[in-house]
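The values are calculated or read from the model by the stated rules, or taken from the named source; none is laboratory data. All values reported here derive from a predicted model rather than from experimental measurement. Note that each Cβ is placed from the backbone with ideal geometry, even for glycine, and that neighbours are counted across all protein chains shown.
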Amino acid sequence: MATFTIDDRDLDDLIRRDIWHVIRQQGPRPAATLAVALVLQWVHPLVAAIALGMALAWAYSLFETARRVRPWYASHHGSRAGPLTVEFREEGLHTVMPLGEGVMRWDQLDSIKNHSSCFVLEFDGDEILILPKRHFSTEELVVLQARLRKSRRDALKVLRMNHDA
(Lines give C-alpha, C1' and ligand atoms only; values in the text may rest on other atoms or scores of the structure.)
Protein backbone atom coordinates (compact mmCIF):
# COMPACT_ATOMS: atom_id res chain seq x y z
CA MET A 1 0.00 0.00 0.00
CA ALA A 2 1.34 3.43 -0.92
CA THR A 3 0.19 6.78 0.44
CA PHE A 4 1.44 9.87 -1.35
CA THR A 5 0.57 13.25 -2.78
CA ILE A 6 1.34 13.54 -6.44
CA ASP A 7 4.05 16.13 -6.88
CA ASP A 8 3.65 18.45 -9.84
CA ARG A 9 6.96 17.21 -11.26
CA ASP A 10 5.40 13.71 -11.48
CA LEU A 11 3.06 15.16 -14.08
CA ASP A 12 5.71 16.82 -16.28
CA ASP A 13 5.59 14.11 -18.99
CA LEU A 14 1.81 14.35 -19.25
CA ILE A 15 1.84 18.13 -19.22
CA ARG A 16 4.50 18.23 -21.94
CA ARG A 17 2.49 15.70 -24.00
CA ASP A 18 -0.71 17.75 -23.71
CA ILE A 19 0.99 21.06 -24.51
CA TRP A 20 2.51 19.59 -27.69
CA HIS A 21 -0.89 18.14 -28.58
CA VAL A 22 -2.47 21.60 -28.25
CA ILE A 23 0.29 23.15 -30.36
CA ARG A 24 -0.02 20.49 -33.08
CA GLN A 25 -3.81 20.75 -33.09
CA GLN A 26 -4.23 24.54 -32.94
CA GLY A 27 -0.85 25.84 -34.14
CA PRO A 28 -1.54 25.73 -37.89
CA ARG A 29 -4.42 28.22 -37.62
CA PRO A 30 -2.45 31.31 -36.57
CA ALA A 31 0.50 30.31 -38.77
CA ALA A 32 -1.65 29.89 -41.89
CA THR A 33 -3.62 33.06 -41.22
CA LEU A 34 -0.39 35.02 -40.71
CA ALA A 35 0.91 33.65 -44.03
CA VAL A 36 -2.32 34.77 -45.74
CA ALA A 37 -1.95 38.22 -44.17
CA LEU A 38 1.63 38.54 -45.42
CA VAL A 39 0.63 37.51 -48.95
CA LEU A 40 -2.36 39.84 -49.03
CA GLN A 41 -0.66 42.90 -47.54
CA TRP A 42 0.31 44.25 -50.97
CA VAL A 43 -2.87 43.30 -52.82
CA HIS A 44 -5.63 43.90 -50.24
CA PRO A 45 -4.26 45.73 -47.20
CA LEU A 46 -7.62 45.81 -45.38
CA VAL A 47 -8.15 42.04 -45.78
CA ALA A 48 -4.53 41.52 -44.71
CA ALA A 49 -5.15 43.56 -41.55
CA ILE A 50 -8.22 41.45 -40.75
CA ALA A 51 -6.22 38.25 -41.31
CA LEU A 52 -3.44 39.60 -39.09
CA GLY A 53 -5.99 40.28 -36.35
CA MET A 54 -7.33 36.76 -36.68
CA ALA A 55 -3.80 35.35 -36.51
CA LEU A 56 -3.08 37.33 -33.34
CA ALA A 57 -6.36 36.22 -31.75
CA TRP A 58 -5.68 32.56 -32.56
CA ALA A 59 -2.10 32.85 -31.32
CA TYR A 60 -3.36 34.32 -28.04
CA SER A 61 -5.96 31.54 -27.75
CA LEU A 62 -3.25 28.94 -28.35
CA PHE A 63 -1.03 30.53 -25.70
CA GLU A 64 -3.87 30.61 -23.14
CA THR A 65 -4.87 27.00 -23.81
CA ALA A 66 -1.29 25.78 -23.44
CA ARG A 67 -0.83 27.90 -20.30
CA ARG A 68 -3.84 26.28 -18.60
CA VAL A 69 -2.60 22.68 -18.95
CA ARG A 70 -0.31 22.72 -15.88
CA PRO A 71 -2.87 24.25 -13.47
CA TRP A 72 -5.52 21.78 -14.67
CA TYR A 73 -3.29 18.78 -13.92
CA ALA A 74 -2.27 20.27 -10.56
CA SER A 75 -5.89 20.70 -9.48
CA HIS A 76 -7.22 17.39 -10.83
CA HIS A 77 -4.31 15.02 -10.23
CA GLY A 78 -1.48 16.96 -8.58
CA SER A 79 -0.58 18.51 -5.28
CA ARG A 80 -3.84 20.45 -4.97
CA ALA A 81 -5.87 17.23 -5.26
CA GLY A 82 -4.66 16.05 -1.84
CA PRO A 83 -3.14 12.82 -0.54
CA LEU A 84 -3.89 9.52 -2.22
CA THR A 85 -3.63 6.00 -0.79
CA VAL A 86 -3.46 3.13 -3.28
CA GLU A 87 -3.65 -0.55 -2.40
CA PHE A 88 -3.29 -3.30 -5.00
CA ARG A 89 -5.96 -5.97 -4.69
CA GLU A 90 -6.93 -8.93 -6.83
CA GLU A 91 -10.12 -7.26 -8.10
CA GLY A 92 -8.49 -3.86 -8.69
CA LEU A 93 -7.04 -0.81 -7.05
CA HIS A 94 -8.47 0.32 -3.73
CA THR A 95 -8.04 4.09 -3.47
CA VAL A 96 -8.61 6.53 -0.65
CA MET A 97 -8.74 10.21 -1.59
CA PRO A 98 -10.02 13.38 0.09
CA LEU A 99 -13.26 13.05 -1.90
CA GLY A 100 -13.87 9.44 -0.88
CA GLU A 101 -12.72 5.91 -1.42
CA GLY A 102 -13.46 3.11 -3.81
CA VAL A 103 -12.23 0.22 -5.90
CA MET A 104 -11.31 0.58 -9.55
CA ARG A 105 -11.82 -2.89 -10.94
CA TRP A 106 -9.20 -4.06 -13.41
CA ASP A 107 -11.81 -5.25 -15.90
CA GLN A 108 -13.56 -1.86 -15.94
CA LEU A 109 -10.51 0.10 -17.03
CA ASP A 110 -10.27 0.95 -20.72
CA SER A 111 -6.51 1.12 -20.69
CA ILE A 112 -3.38 1.54 -18.63
CA LYS A 113 -0.78 3.72 -20.31
CA ASN A 114 2.88 3.56 -19.41
CA HIS A 115 4.80 6.85 -19.43
CA SER A 116 8.39 7.38 -18.34
CA SER A 117 7.47 8.63 -14.86
CA CYS A 118 3.95 7.30 -14.29
CA PHE A 119 1.09 5.01 -15.25
CA VAL A 120 -2.18 6.54 -16.40
CA LEU A 121 -5.42 4.61 -15.88
CA GLU A 122 -8.18 5.48 -18.31
CA PHE A 123 -11.89 4.86 -18.25
CA ASP A 124 -14.26 5.99 -20.97
CA GLY A 125 -11.50 8.00 -22.65
CA ASP A 126 -10.69 10.02 -19.52
CA GLU A 127 -7.58 9.91 -17.38
CA ILE A 128 -9.06 8.86 -14.05
CA LEU A 129 -5.92 8.09 -12.05
CA ILE A 130 -2.24 8.88 -12.39
CA LEU A 131 0.21 6.68 -10.50
CA PRO A 132 3.78 8.00 -10.28
CA LYS A 133 6.21 5.09 -10.50
CA ARG A 134 8.55 6.42 -7.81
CA HIS A 135 5.94 5.80 -5.09
CA PHE A 136 5.58 2.06 -5.70
CA SER A 137 7.60 -1.02 -4.93
CA THR A 138 9.05 -3.22 -7.64
CA GLU A 139 6.35 -5.83 -7.06
CA GLU A 140 3.58 -3.26 -7.51
CA LEU A 141 5.20 -1.96 -10.69
CA VAL A 142 5.36 -5.53 -12.01
CA VAL A 143 1.61 -5.91 -11.33
CA LEU A 144 0.90 -2.71 -13.25
CA GLN A 145 3.11 -3.84 -16.15
CA ALA A 146 1.26 -7.17 -16.28
CA ARG A 147 -2.12 -5.38 -16.26
CA LEU A 148 -0.84 -3.09 -19.01
CA ARG A 149 0.07 -6.06 -21.21
CA LYS A 150 -3.27 -7.74 -20.45
CA SER A 151 -5.23 -4.60 -21.35
CA ARG A 152 -3.36 -4.38 -24.67
CA ARG A 153 -4.13 -8.03 -25.45
CA ASP A 154 -7.81 -7.46 -24.60
CA ALA A 155 -7.92 -4.38 -26.83
CA LEU A 156 -6.44 -6.37 -29.71
CA LYS A 157 -9.05 -9.11 -29.22
CA VAL A 158 -11.84 -6.54 -29.38
CA LEU A 159 -10.37 -5.03 -32.55
CA ARG A 160 -10.11 -8.45 -34.17
CA MET A 161 -13.70 -9.32 -33.19
CA ASN A 162 -14.96 -6.02 -34.63
CA HIS A 163 -12.95 -6.57 -37.80
CA ASP A 164 -14.25 -10.11 -38.27
CA ALA A 165 -17.89 -9.08 -37.77
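Summary table
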item	result
Every pair of residues 6+ apart whose Cβ atoms lie under 6 Å, when the first sits in the range 90-112 and is under 16 Å from THR3 (Cα atoms) while the second is part of a loop (DSSP other than H, G, I, E, B)	PRO98/GLY82
Flag for ILE19 being in a loop (DSSP other than H, G, I, E, B), surrounded by 13 or more Cβ atoms within 10 Å (Cβ to Cβ) and in contact with a helix residue (DSSP H, G or I) (Cβ under 9 Å, 6 or more places away or on another chain)	no
Looking only at the range 28-55, and only at residues there that are β-branched (Val, Ile, Thr) and under 34 Å from the mean Cα position of the chain (by Cα), the one that is surrounded by the fewest Cβ atoms within 10 Å (Cβ to Cβ)	VAL36
Of all residues in the range 86-129 being β-branched (Val, Ile, Thr) and within 19 Å of ARG147 (Cα to Cα), the one that is surrounded by the most Cβ atoms within 10 Å (Cβ to Cβ)	ILE112
Any hit, the range 98-105, residues being among the acidic types (Asp, Glu), part of a strand (DSSP E or B) and not assigned by TED's automatic domain parsing to the domain that holds GLN25	yes
Cross-chain or 6+ apart pairs with Cβ under 8 Å, the range 56-76 first and free of Cβ contacts under 8 Å to residues at least 40 places away in the same chain, then in a helix (DSSP H, G or I) and basic (Lys, Arg)	TRP58/ARG29
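Yes or no, residue by residue, for (1) aliphatic (A, V, I, L, M); (2) within 30 Å of PRO132 (Cβ to Cβ):
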| site | (1), (2) |
| --- | --- |
| VAL36 | yes, no |
| VAL39 | yes, no |
| TRP58 | no, no |
| LEU62 | yes, yes |
| THR65 | no, yes |
